[in-house]
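Okay, structure first, notes after.
The values are calculated or read from the model by the stated rules, or taken from the named source; none is laboratory data. Fair warning: this is a prediction, and the values are worked out from it, not measured in the lab. Note that each Cβ is placed from the backbone with ideal geometry, even for glycine, and that neighbours are counted across all protein chains shown. What goes into the accessible areas is simple: the full protein's heavy atoms, side chains included, and nothing from ligands, DNA or RNA. Shrake-Rupley method; radii C 1.70, N 1.55, O 1.52, S 1.80 Å.
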Amino acid sequence: MHDFDCLMDDFSDFNFNTSTPPIVPSNGFYFQTVEEMRDAMAREREVPFYTRGTNPTVKVLEKKMASLEKAESALIFASGSAAIASAVMANVGKGDHIVSVQKPYSWTGKLFSQLLPRFGVDTTFVDGTAVENYAQAIQPNTKLLYLESPNSWTFELQDIKAVADLAKSRGLLSFMDNSYATPINTKPITMGVDVVMHSATKYLGGHGDALGGVVASSKSMIDKLFKSEYMTLGGVISPFNAWLLTRGLRTLPLRMEKVSTSTPMIVKFLEQHPKVDTVNYPYSESHPQFDLAKTQMKKPAGQFSVVLKTKDSARIEAFCNALTTFKLAASWGGYESLAFPAITFSTSLNYQTNEIPMNMIRFYVGLEDVNTLIKDLDRALSYA
Ligand SMILES: *Cc1c(COP(=O)(O)O)cnc(C)c1O
(Lines give C-alpha, C1' and ligand atoms only; values in the text may rest on other atoms or scores of the structure.)
Protein backbone atom coordinates (compact mmCIF):
# COMPACT_ATOMS: atom_id res chain seq x y z
CA MET A 1 0.00 0.00 0.00
CA HIS A 2 1.33 3.38 -0.96
CA ASP A 3 1.94 5.92 1.74
CA PHE A 4 -0.61 8.39 0.28
CA ASP A 5 -3.39 5.88 -0.41
CA CYS A 6 -5.32 7.21 2.57
CA LEU A 7 -5.84 10.48 0.68
CA MET A 8 -8.20 8.64 -1.65
CA ASP A 9 -10.00 6.70 1.09
CA ASP A 10 -13.51 7.87 1.73
CA PHE A 11 -13.52 7.72 5.57
CA SER A 12 -17.06 9.09 5.54
CA ASP A 13 -19.55 7.42 7.84
CA PHE A 14 -22.29 8.15 5.31
CA ASN A 15 -22.84 6.27 2.17
CA PHE A 16 -24.18 8.77 -0.33
CA ASN A 17 -21.79 7.43 -2.99
CA THR A 18 -20.45 10.95 -3.44
CA SER A 19 -17.01 11.49 -4.96
CA THR A 20 -16.21 14.13 -2.35
CA PRO A 21 -17.24 14.06 1.32
CA PRO A 22 -20.64 15.60 2.13
CA ILE A 23 -20.59 18.94 3.96
CA VAL A 24 -22.70 18.68 7.11
CA PRO A 25 -23.05 22.17 8.59
CA SER A 26 -25.56 21.06 11.24
CA ASN A 27 -24.84 22.14 14.81
CA GLY A 28 -26.79 19.25 16.28
CA PHE A 29 -28.14 15.81 15.48
CA TYR A 30 -31.58 14.24 16.17
CA PHE A 31 -32.30 11.06 18.07
CA GLN A 32 -35.38 8.83 18.00
CA THR A 33 -35.29 7.81 21.64
CA VAL A 34 -33.82 8.91 24.94
CA GLU A 35 -31.74 5.77 24.93
CA GLU A 36 -30.18 6.64 21.58
CA MET A 37 -29.50 10.15 22.77
CA ARG A 38 -27.93 8.96 26.01
CA ASP A 39 -25.75 6.53 24.08
CA ALA A 40 -24.58 9.21 21.62
CA MET A 41 -23.77 11.58 24.46
CA ALA A 42 -21.67 8.94 26.17
CA ARG A 43 -19.72 8.37 22.94
CA GLU A 44 -19.42 12.00 21.87
CA ARG A 45 -15.85 11.51 20.68
CA GLU A 46 -17.00 8.96 18.08
CA VAL A 47 -20.56 9.87 17.11
CA PRO A 48 -22.17 13.18 16.06
CA PHE A 49 -24.06 14.68 19.01
CA TYR A 50 -23.09 18.35 18.88
CA THR A 51 -20.68 19.81 16.31
CA ARG A 52 -18.24 21.26 18.88
CA GLY A 53 -17.50 17.61 19.66
CA THR A 54 -17.91 15.45 16.57
CA ASN A 55 -19.01 16.49 13.10
CA PRO A 56 -19.13 14.04 10.17
CA THR A 57 -17.32 16.35 7.71
CA VAL A 58 -14.61 17.22 10.23
CA LYS A 59 -14.26 13.52 11.07
CA VAL A 60 -13.20 12.73 7.49
CA LEU A 61 -10.27 15.15 7.76
CA GLU A 62 -9.43 13.89 11.23
CA LYS A 63 -9.11 10.31 10.00
CA LYS A 64 -7.03 11.31 6.98
CA MET A 65 -4.63 13.29 9.16
CA ALA A 66 -4.24 10.46 11.68
CA SER A 67 -3.55 8.09 8.82
CA LEU A 68 -1.02 10.42 7.14
CA GLU A 69 0.86 10.99 10.41
CA LYS A 70 0.74 7.26 11.33
CA ALA A 71 -1.03 8.28 14.52
CA GLU A 72 -3.78 6.34 16.29
CA SER A 73 -6.00 9.41 16.38
CA ALA A 74 -6.22 13.12 15.59
CA LEU A 75 -8.26 16.26 16.29
CA ILE A 76 -8.88 19.20 13.97
CA PHE A 77 -8.90 22.80 15.23
CA ALA A 78 -9.89 26.20 13.82
CA SER A 79 -6.23 27.21 13.45
CA GLY A 80 -2.74 25.94 14.06
CA SER A 81 -2.45 28.22 17.07
CA ALA A 82 -5.62 26.76 18.63
CA ALA A 83 -4.25 23.25 18.05
CA ILE A 84 -0.84 24.03 19.58
CA ALA A 85 -2.16 25.96 22.59
CA SER A 86 -4.84 23.35 23.34
CA ALA A 87 -2.46 20.38 23.05
CA VAL A 88 0.20 21.98 25.24
CA MET A 89 -2.27 23.25 27.86
CA ALA A 90 -3.85 19.79 28.17
CA ASN A 91 -0.51 18.45 29.35
CA VAL A 92 0.86 21.05 31.77
CA GLY A 93 -0.32 22.59 35.03
CA LYS A 94 0.77 24.95 37.76
CA GLY A 95 4.45 24.50 38.64
CA ASP A 96 5.37 22.65 35.44
CA HIS A 97 8.21 23.48 33.07
CA ILE A 98 8.68 23.19 29.30
CA VAL A 99 11.88 23.11 27.25
CA SER A 100 11.27 24.58 23.78
CA VAL A 101 13.38 25.19 20.72
CA GLN A 102 14.31 28.86 20.51
CA LYS A 103 12.46 31.11 18.05
CA PRO A 104 9.45 28.88 17.48
CA TYR A 105 6.47 30.22 15.50
CA SER A 106 5.71 33.69 16.92
CA TRP A 107 2.40 32.88 18.65
CA THR A 108 3.81 29.62 20.02
CA GLY A 109 6.56 31.74 21.53
CA LYS A 110 3.91 34.02 22.98
CA LEU A 111 2.05 31.02 24.45
CA PHE A 112 5.24 29.93 26.24
CA SER A 113 6.57 33.34 27.28
CA GLN A 114 3.33 35.18 28.18
CA LEU A 115 0.16 33.09 28.42
CA LEU A 116 1.38 29.96 30.24
CA PRO A 117 3.37 31.89 32.90
CA ARG A 118 0.02 33.41 34.01
CA PHE A 119 -0.97 29.86 34.97
CA GLY A 120 2.34 29.00 36.64
CA VAL A 121 4.00 27.22 33.72
CA ASP A 122 7.50 28.33 32.69
CA THR A 123 9.51 27.65 29.56
CA THR A 124 13.24 27.58 28.84
CA PHE A 125 14.17 28.25 25.21
CA VAL A 126 17.22 26.42 23.88
CA ASP A 127 19.32 26.29 20.73
CA GLY A 128 17.82 23.09 19.34
CA THR A 129 20.64 22.26 16.95
CA ALA A 130 22.31 20.21 19.74
CA VAL A 131 20.26 17.69 21.75
CA GLU A 132 22.56 18.34 24.76
CA ASN A 133 21.00 21.80 25.03
CA TYR A 134 17.60 20.19 25.63
CA ALA A 135 19.14 17.75 28.13
CA GLN A 136 20.87 20.52 30.10
CA ALA A 137 17.69 22.59 30.38
CA ILE A 138 15.61 19.76 31.90
CA GLN A 139 14.54 20.49 35.49
CA PRO A 140 12.85 18.21 38.05
CA ASN A 141 9.49 19.84 37.13
CA THR A 142 9.93 19.60 33.34
CA LYS A 143 6.93 18.01 31.63
CA LEU A 144 7.55 18.31 27.91
CA LEU A 145 10.14 18.98 25.22
CA TYR A 146 8.87 21.11 22.34
CA LEU A 147 10.23 20.89 18.80
CA GLU A 148 9.60 22.82 15.62
CA SER A 149 11.93 21.35 13.02
CA PRO A 150 12.85 23.39 11.14
CA ASN A 151 11.83 26.40 13.23
CA SER A 152 10.29 29.55 11.79
CA TRP A 153 12.44 32.20 10.08
CA THR A 154 15.90 30.71 10.72
CA PHE A 155 14.97 27.13 9.73
CA GLU A 156 17.27 25.33 12.15
CA LEU A 157 16.73 21.60 12.55
CA GLN A 158 16.47 19.57 15.70
CA ASP A 159 17.53 15.93 15.63
CA ILE A 160 13.96 14.66 16.01
CA LYS A 161 14.78 11.09 17.01
CA ALA A 162 17.46 12.16 19.48
CA VAL A 163 15.16 14.66 21.25
CA ALA A 164 12.27 12.13 21.28
CA ASP A 165 14.61 9.49 22.76
CA LEU A 166 15.80 11.98 25.37
CA ALA A 167 12.18 12.71 26.33
CA LYS A 168 11.40 8.99 26.66
CA SER A 169 14.49 8.29 28.76
CA ARG A 170 13.49 11.03 31.21
CA GLY A 171 9.79 10.19 31.30
CA LEU A 172 8.81 13.40 29.46
CA LEU A 173 6.49 14.09 26.53
CA SER A 174 7.80 15.27 23.16
CA PHE A 175 5.72 17.64 21.01
CA MET A 176 6.52 18.70 17.46
CA ASP A 177 5.11 21.32 15.08
CA ASN A 178 5.41 19.56 11.71
CA SER A 179 3.92 22.34 9.54
CA TYR A 180 7.10 22.88 7.49
CA ALA A 181 7.93 19.32 6.44
CA THR A 182 4.35 17.95 6.36
CA PRO A 183 3.78 14.19 6.82
CA ILE A 184 4.83 13.75 3.18
CA ASN A 185 8.43 14.46 4.15
CA THR A 186 8.57 13.80 7.91
CA LYS A 187 6.52 11.53 10.15
CA PRO A 188 7.61 12.48 13.68
CA ILE A 189 5.53 9.78 15.39
CA THR A 190 7.56 7.08 13.62
CA MET A 191 10.66 8.73 15.16
CA GLY A 192 9.26 8.52 18.68
CA VAL A 193 7.55 11.91 19.03
CA ASP A 194 4.40 11.74 21.20
CA VAL A 195 2.31 14.61 19.81
CA VAL A 196 2.44 16.16 16.32
CA MET A 197 0.80 19.49 15.49
CA HIS A 198 0.15 21.40 12.29
CA SER A 199 -0.98 24.68 10.99
CA ALA A 200 -3.23 23.11 8.32
CA THR A 201 -3.61 26.69 7.06
CA LYS A 202 -0.29 26.22 5.27
CA TYR A 203 0.72 23.19 3.17
CA LEU A 204 -2.07 20.82 4.17
CA GLY A 205 -4.85 23.07 2.85
CA GLY A 206 -2.52 24.40 0.18
CA HIS A 207 -4.79 27.06 -1.34
CA GLY A 208 -4.63 29.92 1.15
CA ASP A 209 -8.40 29.91 1.68
CA ALA A 210 -9.00 28.19 5.02
CA LEU A 211 -7.38 28.26 8.45
CA GLY A 212 -7.06 25.04 10.37
CA GLY A 213 -4.96 23.09 12.84
CA VAL A 214 -4.22 19.45 13.61
CA VAL A 215 -3.10 17.49 16.65
CA ALA A 216 -2.18 13.83 16.03
CA SER A 217 -1.15 11.38 18.74
CA SER A 218 -2.06 8.17 20.59
CA LYS A 219 -5.73 7.38 21.19
CA SER A 220 -5.36 7.97 24.94
CA MET A 221 -3.68 11.36 24.43
CA ILE A 222 -6.33 12.48 21.91
CA ASP A 223 -9.19 11.25 24.10
CA LYS A 224 -7.75 13.25 27.00
CA LEU A 225 -7.41 16.37 24.83
CA PHE A 226 -10.94 15.94 23.49
CA LYS A 227 -12.47 15.89 26.98
CA SER A 228 -10.46 18.88 28.15
CA GLU A 229 -9.22 21.76 25.96
CA TYR A 230 -10.89 20.68 22.72
CA MET A 231 -14.36 20.84 24.26
CA THR A 232 -13.80 23.56 26.87
CA LEU A 233 -11.86 26.09 24.80
CA GLY A 234 -13.90 25.08 21.76
CA GLY A 235 -11.39 26.09 19.11
CA VAL A 236 -13.05 23.82 16.56
CA ILE A 237 -13.09 24.21 12.78
CA SER A 238 -16.21 24.87 10.71
CA PRO A 239 -17.36 21.90 8.60
CA PHE A 240 -16.91 23.96 5.43
CA ASN A 241 -13.29 24.79 6.23
CA ALA A 242 -12.63 21.15 7.11
CA TRP A 243 -14.03 20.22 3.70
CA LEU A 244 -11.72 22.74 1.96
CA LEU A 245 -8.73 21.31 3.80
CA THR A 246 -9.73 17.75 2.89
CA ARG A 247 -9.91 18.82 -0.74
CA GLY A 248 -6.52 20.52 -0.47
CA LEU A 249 -4.94 17.36 0.95
CA ARG A 250 -5.59 15.50 -2.29
CA THR A 251 -2.88 17.46 -4.08
CA LEU A 252 -0.44 17.67 -1.13
CA PRO A 253 1.97 15.04 -2.52
CA LEU A 254 1.98 16.75 -5.96
CA ARG A 255 2.55 20.20 -4.48
CA MET A 256 5.37 18.97 -2.24
CA GLU A 257 6.95 17.23 -5.23
CA LYS A 258 6.87 20.46 -7.26
CA VAL A 259 8.51 22.64 -4.57
CA SER A 260 11.11 19.93 -3.87
CA THR A 261 12.63 20.60 -7.28
CA SER A 262 11.95 24.33 -7.71
CA THR A 263 13.09 25.58 -4.30
CA PRO A 264 16.65 24.18 -4.39
CA MET A 265 17.12 25.87 -7.81
CA ILE A 266 16.04 29.21 -6.37
CA VAL A 267 18.24 28.74 -3.30
CA LYS A 268 21.25 27.93 -5.51
CA PHE A 269 20.64 31.10 -7.52
CA LEU A 270 20.45 33.23 -4.36
CA GLU A 271 23.51 31.63 -2.71
CA GLN A 272 25.78 32.76 -5.54
CA HIS A 273 24.21 36.24 -5.84
CA PRO A 274 26.58 39.11 -4.87
CA LYS A 275 23.82 41.04 -3.02
CA VAL A 276 23.02 38.06 -0.75
CA ASP A 277 24.91 37.36 2.47
CA THR A 278 23.26 34.13 3.70
CA VAL A 279 20.47 31.75 2.71
CA ASN A 280 18.96 29.69 5.55
CA TYR A 281 17.76 26.48 3.91
CA PRO A 282 18.41 23.13 5.59
CA TYR A 283 18.29 21.23 2.31
CA SER A 284 21.13 23.24 0.77
CA GLU A 285 24.39 21.29 0.34
CA SER A 286 26.21 24.18 2.01
CA HIS A 287 23.95 24.14 5.12
CA PRO A 288 25.69 22.78 8.25
CA GLN A 289 22.70 20.49 8.94
CA PHE A 290 22.30 19.14 5.38
CA ASP A 291 23.13 15.55 6.44
CA LEU A 292 20.56 15.65 9.23
CA ALA A 293 18.01 17.17 6.83
CA LYS A 294 18.44 14.23 4.47
CA THR A 295 17.93 11.68 7.25
CA GLN A 296 14.71 13.17 8.66
CA MET A 297 13.09 15.03 5.72
CA LYS A 298 12.50 12.93 2.62
CA LYS A 299 12.60 15.90 0.25
CA PRO A 300 13.24 19.65 0.35
CA ALA A 301 10.28 21.96 1.05
CA GLY A 302 9.59 25.51 -0.10
CA GLN A 303 10.53 27.88 2.71
CA PHE A 304 13.83 29.61 3.43
CA SER A 305 15.14 32.97 4.58
CA VAL A 306 17.69 35.29 3.06
CA VAL A 307 19.96 37.80 4.77
CA LEU A 308 20.87 40.60 2.38
CA LYS A 309 24.33 42.16 2.45
CA THR A 310 22.87 45.62 2.79
CA LYS A 311 21.71 46.84 6.20
CA ASP A 312 20.29 50.03 4.72
CA SER A 313 16.54 49.96 5.40
CA ALA A 314 15.74 52.00 2.26
CA ARG A 315 17.52 49.42 0.07
CA ILE A 316 15.93 46.48 1.90
CA GLU A 317 12.50 48.00 1.32
CA ALA A 318 13.29 48.91 -2.28
CA PHE A 319 14.20 45.27 -2.98
CA CYS A 320 10.97 43.99 -1.39
CA ASN A 321 8.82 46.60 -3.13
CA ALA A 322 10.35 45.65 -6.50
CA LEU A 323 9.21 42.01 -6.24
CA THR A 324 6.18 41.31 -8.42
CA THR A 325 5.65 37.52 -8.67
CA PHE A 326 6.58 37.12 -5.00
CA LYS A 327 3.79 38.90 -3.09
CA LEU A 328 4.47 40.69 0.20
CA ALA A 329 2.34 38.78 2.68
CA ALA A 330 2.32 36.75 5.88
CA SER A 331 1.48 33.04 5.93
CA TRP A 332 2.59 30.51 3.29
CA GLY A 333 1.59 27.17 1.80
CA GLY A 334 -0.78 28.35 -0.94
CA TYR A 335 -0.36 28.74 -4.70
CA GLU A 336 1.39 32.11 -4.62
CA SER A 337 5.04 32.69 -3.77
CA LEU A 338 5.42 35.08 -0.83
CA ALA A 339 8.02 37.30 0.80
CA PHE A 340 7.83 38.42 4.45
CA PRO A 341 10.48 41.04 5.33
CA ALA A 342 11.68 41.10 8.96
CA ILE A 343 11.83 44.88 8.65
CA THR A 344 8.02 44.90 9.09
CA PHE A 345 8.58 43.82 12.74
CA SER A 346 9.77 47.27 13.64
CA THR A 347 6.16 48.13 14.51
CA SER A 348 4.93 44.67 15.56
CA LEU A 349 3.81 43.81 19.06
CA ASN A 350 4.45 40.14 18.63
CA TYR A 351 8.09 39.75 17.75
CA GLN A 352 11.23 40.34 19.71
CA THR A 353 12.95 42.52 17.18
CA ASN A 354 16.41 41.62 18.48
CA GLU A 355 16.01 37.94 17.55
CA ILE A 356 15.91 38.32 13.80
CA PRO A 357 18.10 40.71 11.78
CA MET A 358 16.20 43.45 9.96
CA ASN A 359 17.88 42.57 6.67
CA MET A 360 16.34 39.07 6.74
CA ILE A 361 13.45 38.19 4.41
CA ARG A 362 11.47 34.98 4.66
CA PHE A 363 10.50 33.42 1.34
CA TYR A 364 7.88 30.88 0.43
CA VAL A 365 8.08 29.25 -3.00
CA GLY A 366 4.66 28.57 -4.49
CA LEU A 367 3.67 26.74 -7.63
CA GLU A 368 4.59 29.30 -10.31
CA ASP A 369 7.21 28.60 -12.97
CA VAL A 370 10.65 28.50 -11.38
CA ASN A 371 12.33 30.66 -14.03
CA THR A 372 9.72 33.38 -13.55
CA LEU A 373 10.47 33.36 -9.82
CA ILE A 374 14.25 33.53 -10.33
CA LYS A 375 13.85 36.42 -12.81
CA ASP A 376 11.68 38.27 -10.29
CA LEU A 377 14.36 37.91 -7.58
CA ASP A 378 17.18 38.80 -9.95
CA ARG A 379 15.50 42.00 -11.11
CA ALA A 380 14.49 43.07 -7.60
CA LEU A 381 17.98 42.37 -6.20
CA SER A 382 19.36 45.19 -8.36
CA TYR A 383 17.61 47.54 -5.89
CA ALA A 384 19.22 45.95 -2.81
C1 LIG B 1 1.33 29.63 10.75
C2 LIG B 1 2.02 28.72 11.71
C3 LIG B 1 1.41 28.35 12.92
C4 LIG B 1 0.08 28.91 13.35
O5 LIG B 1 -0.94 28.44 12.55
P6 LIG B 1 -2.30 29.30 12.29
O7 LIG B 1 -3.07 28.35 11.45
O8 LIG B 1 -1.92 30.56 11.61
O9 LIG B 1 -2.90 29.53 13.62
C10 LIG B 1 2.07 27.47 13.73
N11 LIG B 1 3.28 26.97 13.39
C12 LIG B 1 3.91 27.30 12.25
C13 LIG B 1 5.23 26.72 11.93
C14 LIG B 1 3.29 28.19 11.37
O15 LIG B 1 3.91 28.54 10.24
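Hey, what's the Cα Rg ratio for the stretch 209-302 versus the globular rule of thumb, 2.2 N^0.38 Å? It would help to have the intermediate numbers written out before the result.
Numbers: Rg = 18.9 Å, N = 94, 2.2 N^0.38 = 12.4 Å.
Ratio of Rg to 2.2 N^0.38 Å for the stretch 209-302: 1.53.
Only lysines eight or more places from K103 in sequence, or on another chain, were considered; those with a Cα closer than 25 Å are K94, K143, K161, K168, K187, K202, K294, K298, K299, K309, K311, K327.
What the Cβ-Cβ distance of D312 and Y335 gives, at R0 = 35 Å and to the nearest 0.05, is a FRET efficiency of 0.60. Taking amide hydrogens as placed 1.01 Å from N in the peptide plane, the amide H of T123 sits under 5 Å from those of I98, each at least 5 positions away in sequence or on another chain. Average 1/r across all pairs of distinct alpha carbons in the stretch 140-256, invert it, and you get the Kirkwood radius: 15.3 Å. Directionally averaged projected area (the stretch 69-143, Cα convex hull): 5.9 nm².
For the pair W107 and E271 in one chain, pulling the backbone fully straight at 0.36 nm per residue adds 56.0 nm over the alpha carbon distance. In terms of accessible area, using a 1.4 Å probe and ignoring ligands and nucleic acids, W332, W107 rank largest first as W107, W332.
For the stretch 170-237, the mean projected area of the C-alpha convex hull, equal to one quarter of the hull surface, is 5.3 nm². Measuring nothing but protein heavy atoms, the accessible surface of the chain at 1.4 Å probe radius is 54 percent carbon and sulfur. Length, then width, then depth: along the principal axes, the Cα atoms of the stretch 267-330 run 40, 23, 17 Å.
The simple Förster model, with R0 at 45 Å and r as the Cβ-Cβ distance, assigns L328 and S220 a FRET efficiency of 0.50.
Could you work out how far helix 239-249 tilts from the main Cα principal axis of the chain, as a 0 to 90 degree angle to the nearest 10? On a 0 to 90 degree scale, this one is about 50.
Heavy atoms of the protein chains alone define the surface here; on that basis the chain has 43 Å² accessible area per residue at 1.4 Å probe size.
With the cut-off at under 18 Å, measuring from each backbone N in the stretch 104-133 to a point 7 Å along the Cα-to-Cβ line of K94 picks out 115-123. Each eigenvalue of the Cα gyration tensor of the stretch 227-384, multiplied by 5 and square-rooted, gives one semi-axis; in descending order these are 29, 21, 17 Å. Here the label points at R118 and F240, each 7 Å from Cα along the C-beta direction, are separated by 3.1 nm in the simple model. Can you tell me the orientation of helix 252-271 relative to the chain, as the angle in degrees between its alpha-carbon axis and the longest Cα principal axis, to the nearest 10? Between helix and principal axis, roughly 20 degrees.
Taking every DSSP beta bridge that has both ends in the chain, the antiparallel portion is near 55%.
Using only Cα atoms, find the angle between the long axis of helix 80-89 and the longest principal axis of the chain, and express it within 0 to 90 degrees, rounded to the nearest 10. Helix 80-89 sits roughly 60 degrees off the main axis of the chain. Peptide packing for 258-270, 151-163 was compared via the average number of neighbouring C-beta atoms within 10 Å per residue; ordered from the highest value, the list is 151-163, 258-270. Note on K298 and S286: their simple-model spin labels are 2.9 nm apart, each label 7 Å out from Cα toward Cβ.
A crude spin-label estimate for the pair F31 and R43, with each label 7 Å from Cα along the Cβ direction, gives 1.2 nm. Only alpha carbons enter this Debye calculation for the stretch 89-212, each as an equal point scatterer, and the log10 of I(q)/I(0) it gives at q = 0.09, 0.18, 0.22 Å⁻¹ is -0.23, -0.93, -1.34.
Once the Kirkwood radius over Cα pairs is known for the chain, the Stokes-Einstein relation at 25 °C and 0.890 mPa s delivers a diffusion coefficient of 113 µm²/s.
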